[in-house]
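Right, one structure below, let's go through it.
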Amino acid sequence: MSRVLAISGSLRAASYHTQLLSCLQPLAPEGMHIALFPGLGDLPHFSEDLETDPPLPVRELWQAIAEADGLLIATPEYNGAIPGVLKNALDWASRPRGTSVLPGHAAMVLSASPGLFGGIRAQAQLREMFALLNVYVVGGPQVAIPAVHTRLNPTAEPEQRLTDPITRAMLTSLLHGLEEAIDHQAGRRLVKPLHHLQSQQAT
Ligand code: FNR
């Protein structure tokens with residue numbers, strides 16, 4: 001049984017990325033449970049001044065990442081880069097320095113766009129950022145979905161929502177890669193006592 005935390009980098013109600021994440025559970029290997037993180041839009045703008053006594057949404061993000069065996073990030077591309085809300089969340093997740101809950105996690109990333117290039121520049125940025133954060137990202141297949149609006153039926157049930165068979169096959173393969181990566185990373189997570197979580201939960 002593996003627990004995967006899925007994060008959509010879009011706050012848009014009809015986000016393609018959130019829709020894509022909602023299609024993935026039926027494609028996942030047996031025993032993998034995917035849960036969507038709901039609180040990206042509740043995070044305050046990152047400031048080091050808030051780190052010592054962070055607001056509840058930040059502690060919820062840390063807790064969700066700490067409890068997950070793997071991460072699954074779907075990022076839009078905004079002006080050639082990852083959206084600010086996702087960068088903000090990853091900046092929060094990377095802190096406090098030395099006790100971040102991120103290092104050692106296995107992760108899978110995907111991107112999509114109504115345009116021709118599938119958000120590949122944002123995805124490349126995300127991969128580079130995760131390398132710096134000691135998050136192990138599954139290498140391939142690299143899933144950057146162009147013309148995403150032609151590959152989804154938003155009104156269908158999750159099992160039928162992803163209408164493009166090639167995208168389905170690639171995402172299935174990537175999810176199996178994530179499962180292998182989670183197994184591989186097991187025991188490599190830097191297990192640190194999460195004092196900063198526990199003490200703040202008590203208050
Ligand atoms: C975009 N979009 C976009 N697409 C792309 O392929 N490359 C880009 O650089 C950009 N830049 C960009 C900037 C801003 C501010 C917006 C709002 C949009 C289009 C983007 O891919 C499209 O809106 C997606 O549908 C966003 O993802 P969600 O919200 O559907 O998940």
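Only the Cβ atoms of Lys and Arg (+1) and of Asp and Glu (-1) were treated as charged; on that basis the dipole of the chain about its Cα centre amounts to roughly 280 debye.
Modelled spin-label separation between Asn134 and His184, with each label point placed 7 Å from Cα along the Cα-to-Cβ direction: 1.8 nm. DSSP assigns beta bridges within the chain; of those with both partners inside it, close to 10 percent run antiparallel.
Under a Gaussian network description of the chain, with springs only between Cα atoms under 10 Å, the residue in Gly118, Gly140, Gly98 that fluctuates furthest is Gly98. Based on the alpha carbons, how large is the Rg to Rh ratio for the chain when Rh follows Kirkwood? We get a ratio of 0.96 for the chain.
Note on the chain: dipole from Cβ charges, positive end direction compared against Tyr136, Tyr78, Pro44; the farthest Cα belongs to Tyr78. By the combined test of axial Cα extent (at least 24 Å) and Kyte-Doolittle hydropathy (mean at least 0.0), the qualifying DSSP H helices of the chain come to 165-185. Comparing Met170, Met32, Met108 in a Gaussian network model of the chain, where Cα atoms under 10 Å apart are tied by springs, the biggest mean-square fluctuation is seen for Met170.
Take the Cα of Thr150, step 7 Å along the line toward its Cβ, and report every residue of the range 63-83 whose backbone nitrogen sits under 16 Å from that point. The answer is none.
Put simply, the amide H of Ala107, placed in the peptide plane, has neighbours under 5 Å in Leu71, Tyr136, Val137, Val138, leaving out anything fewer than 5 places away on its chain.
Can you work out the FRET efficiency for the pair Glu30 and Arg168, with r the C-beta to C-beta distance and R0 = 25 Å, to the nearest 0.05? Plugging the Cβ-Cβ distance into 1/(1 + (r/R0)^6) gives 0.90.
Rule-based calculations on the coordinates, nothing more; no lab input. This structure is a prediction, so every number in the text was calculated from the model and none was measured. Note that each Cβ is placed from the backbone with ideal geometry, even for glycine, and that neighbours are counted across all protein chains shown.
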